[in-house]
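S.K.: One structure coming up, written as structure tokens, with questions to follow.
The values are calculated or read from the model by the stated rules, or taken from the named source; none is laboratory data. Keep in mind that what you see is a predicted model, and the values were worked out from it rather than measured. FYI the Cβ positions are ideal-geometry reconstructions off the backbone, even for glycines, and counts take in every protein chain you see. Areas reflect the complete protein model, heavy atoms only, side chains present, ligands, DNA and RNA absent. Shrake-Rupley method; radii C 1.70, N 1.55, O 1.52, S 1.80 Å.
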Amino acid sequence: MVFSNLTFLFAFLPLFFSCYYTVGKFFGIRGKNIVLFLFSLVFYAWGEPVYVLLMIYSTVLDFVCGRMIEDGEIKGDQKKKKIFLAISLTGNLGLLVFFKYLVMLLSTVNSLFSVGIEIPDIILPIGISFYTFQTMSYSIDVYRGNVKAQHDIINFGAYVAMFPQLIAGPVVRYVTVERELNYRVETIDDFAEGARRFIVGLGKKALIANTMAQTCDALFASSPSDLGLIGSWVAILAYTFQIFFDFSGYSDMAIGMGRMMGFHYLENFNYPYIADSVTDFWRRWHISMSTFFRDYVYIPLGGNRVSKPRWIFNIFVVWFATGLWHGSSWNFVLWGLYFGVLLVLEKEFLLKFISKSKVLSHIWALFFIVYGWVIFTRETLSDIWEYTKALFGGYGVFGVGDTNAVTLLQRADVNMIFIIAFIAAVIFSTPIAKKIGYFIHEKLQNVSEGVWQAGAGILYDIALFAVLFLCTVQLAVGAYNPFIYFRF
């Protein structure tokens, strides 16, 4: 089940909140957590009934390991702490390796050594990268003494299976919601603000990301030699906006639903496409993943408080892992290492030059960010090279195939709707709209601040209802509705 689905929007979600608040009224926070846990299992099992057992296994494993690590701390038994931390890490990483990377590893062995190992047919469980990272971070934080072990398996299960962020993040660390699992107060204002944030995310996903997806997927299906300069740039720019509005829209919906339940998740995106360097981009993009690798990989390796060769090694370990986390294909590893190289170059000397001009720094960042999506989407080196060649005019402006770029763009629905969505994508990937709102507020607040604020709030809510209506229409007519990060 996905958020941008009529069944979820008009059946699952209303039923969940009806039960959540009704049961909570009589049984308090524990009743709410039971409802959250059970509905989350149903949500996950909706598409993958069998794989819900993996999530239950991960929940029980890390619940027990957390208790045992805490017990080792109380008794001063460091060996016990280390043993159960190792069990937690091995159990979780074992799941990832088997379900996400085994096929890739066996295929690589077959290619390198010309052996005929049979490749098993393994279906990747949705969201496994997110919930295994969450449970591992819990065990590590208990081991470090950053959080106390959870003694109620229902509360812990509600944390692991929590459906708003279960499928595609953000990666919600236990320390973020530790207190709210046991003590949280829901208010009408929080619920309303959460609902608004959810609709904003749904609009990003259904109206912008889906429109971009329909075009770029149609163009990506064609040969780079057919796309030429124009077609290849339209496709990769459409993908640039698709992946941002797809993923940030999902994060907005997750944060919004969490707020409606009384949880306050941390932000996951901060206008990454206004970054003035690649370093700045990764402070703004998928923040929960970046901080995870920083706190659990980079800093334990020594961070930047080591010799320069060791620091470079640490950077490449982190970005190898970052790339591999995104998918079971070597192009993702290459994508991660690509950013590792850029970050090292920036921190060593390039930032001194590009930071002298804001225009130059933005052009630098945007070019390498957008080109990074070429590596991200092309599975082989030859595919990457062919697409790169098209981007830089190697196949002419309109392509050299039987079908030129103009025809392909028409087939890919590059029409007025696409153009409007593209302009909206440019605007809403920057703080322009927010700044305009602040400007209007400052100019008109002297008229009558109370009246203005009330009127602005009403207009904003009317606009959101319009967005919800348009999203509903789009989904009702069966519009193209993929979710990129579901396969990660």
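S.K.: Using only the heavy atoms of the protein chains and a 1.4 Å probe, how would Lys308, Lys356 rank by accessible area, largest first?
M.R.: Lys356, Lys308
S.K.: Now for a separate question. Using only protein heavy atoms and a 1.4 Å probe, report how much of Thr176 is accessible, in Å² to the nearest 10.
M.R.: Probe radius 1.4 Å; accessible area of Thr176 about 40 Å².
S.K.: Determine, for each peptide in 7-13, 52-58, the mean count of other beta carbons within 10 angstrom over its residues, then list the peptides with the highest first.
M.R.: Answer by packing, highest mean first, reads 52-58, 7-13.
S.K.: Right, another one. Ranked highest first by the average count of other Cβ atoms within 10 Å around their residues, in what order do 244-252, 381-389 fall?
M.R.: 244-252, 381-389
S.K.: Hydropathy at least 1.0 by Kyte-Doolittle, axial extent at least 20 angstrom from the Cα trace: which helices of the chain, defined as entire DSSP H runs, fit?
M.R.: Span-like helices here: 13-45, 52-74, 330-345, 358-377, 449-476.
S.K.: Taking the C-alpha atoms of region 172-252, how large are the radius of gyration and the largest Cα-Cα span, Dmax, in Å?
M.R.: Gyration radius and largest Cα-Cα distance of region 172-252: 18.8, 59 Å.
S.K.: Then there is this: Name the residue farthest towards the positive end of the dipole of region 88-176 from the options Ile167, Ile128, Ile140, assuming +1 on Cβ of Lys and Arg, -1 on Cβ of Asp and Glu, about the Cα centre.
M.R.: Ile140
S.K.: Ignoring ligands, DNA and RNA, what percent of the 1.4 Å accessible area of region 301-389 is carbon and sulfur?
M.R.: 70 percent
S.K.: Suppose each label sits 7 Å from its Cα in the direction of the beta carbon; what would the Leu53-Asn481 distance come out to in nanometres?
M.R.: Here the answer is 3.0 nm between the modelled labels.
S.K.: Return the whole-Å distance between the Cα centroid of region 272-287 and the Cα centroid of region 3-74.
M.R.: After rounding, the separation between the Cα centres reads 33 Å.
S.K.: Suppose R0 equals 30 Å; then what is the FRET efficiency for Arg411 and Trp330 from their Cβ-Cβ distance, rounded to the nearest 0.05?
M.R.: Computed FRET efficiency for Arg411 and Trp330: 0.45.
S.K.: OK, next. At 37 °C and 0.692 mPa s, what whole-number value in µm²/s does Stokes-Einstein give for the translational diffusion of region 152-294, with Rh from the Kirkwood sum over Cα pairs?
M.R.: The calculation lands on 196 µm²/s.
S.K.: So, one more: With a Cα-only, solvent-free Debye model of region 376-418, what are the log10 I(q)/I(0) values at q = 0.15, 0.17, 0.19, 0.30 Å⁻¹?
M.R.: With no solvent term, the Cα-only Debye profile gives -0.48, -0.60, -0.72, -0.97.
S.K.: Largest first, how would Trp364, Trp233 line up by accessible area (1.4 Å probe)?
M.R.: Trp233, Trp364
S.K.: Given that compact globular proteins tend to follow 2.2 N^0.38 Å, what is the ratio of the alpha-carbon Rg of region 1-147 to that value?
M.R.: With N residues counted in region 1-147, Rg over 2.2 N^0.38 Å equals 1.33.
S.K.: What value, in deg cm²/dmol to 500, does the helix sum -39500 (n - 2.57) over DSSP H runs of n ≥ 4 give at 222 nm once divided by the residues of the chain?
M.R.: Rounded to the nearest 500, it is -22500 deg cm²/dmol.
S.K.: Efficiency by 1/(1 + (r/R0)^6): what FRET value for Asp152 and Phe320, r their Cβ-Cβ distance, R0 = 35 Å, to the nearest 0.05?
M.R.: Calculated value: 0.40.
S.K.: If you average the alpha carbon positions of region 305-378 and of region 80-143, how far apart do those two centres end up, in angstrom?
M.R.: 25 Å
S.K.: On a straight-distance basis, which lysines could pair with Lys352 in a cross-link, Cα separation under 24 angstrom, same-chain partners fewer than 8 positions away excluded?
M.R.: Candidates past the 8-residue exclusion: Lys308.
S.K.: Relative to the present Cα-Cα distance, how much length would full extension add between Thr291 and Phe98 at 0.36 nm per residue of separation?
M.R.: 67.0 nm
S.K.: Provide Rg and Dmax in Å for region 114-199, with only Cα atoms included in the calculation.
M.R.: That works out to 17.5, 63 Å for Rg and Dmax.
S.K.: What's the FRET efficiency of Glu379 with Lys358 using the Cβ-Cβ distance as r and R₀ = 56 Å, to the nearest 0.05?
M.R.: FRET efficiency, Glu379 to Lys358: 0.95.
S.K.: Give me the base-10 log of I(q)/I(0) for region 101-153 at each q in 0.13, 0.16, 0.29 Å⁻¹, Debye formula, one uniform scatterer per Cα, rounded to two decimals.
M.R.: Result of the Debye calculation: -0.57, -0.67, -1.07.
S.K.: Could you calculate the contour length gain from Ile462 to Leu6, that is, 0.36 nm times the residue separation minus the distance between their Cα atoms, to one decimal place in nm?
M.R.: Net length gain for the segment: 162.1 nm.
S.K.: Using Cα pairs closer than 8 Å and at least 6 residues apart in sequence, work out the relative contact order for the chain, in percent.
M.R.: With pairs under 8 Å counted, the relative contact order is 19 percent.
S.K.: Shifting gears a bit: Provide Rg over Rh for region 297-382; use the alpha carbon set for both Rg and the Kirkwood Rh (inverse mean inverse pair distance).
M.R.: With Rg and the Kirkwood Rh in hand, the quotient comes to 1.02.
S.K.: So, one more: So, in nm, how far is label Ile423 from label Arg30 when the simple model puts each one 7 Å beyond its Cα toward the Cβ?
M.R.: Spacing of the two 7 Å Cα→Cβ label points: 5.8 nm.
S.K.: Indicate the gyration tensor shape class of region 252-329 (rounded, prolate or oblate), computed on the Cα atoms with a ≥ b ≥ c the square roots of the eigenvalues: a/c under 1.5 is rounded; otherwise a/b larger than b/c is prolate and the rest oblate.
M.R.: prolate
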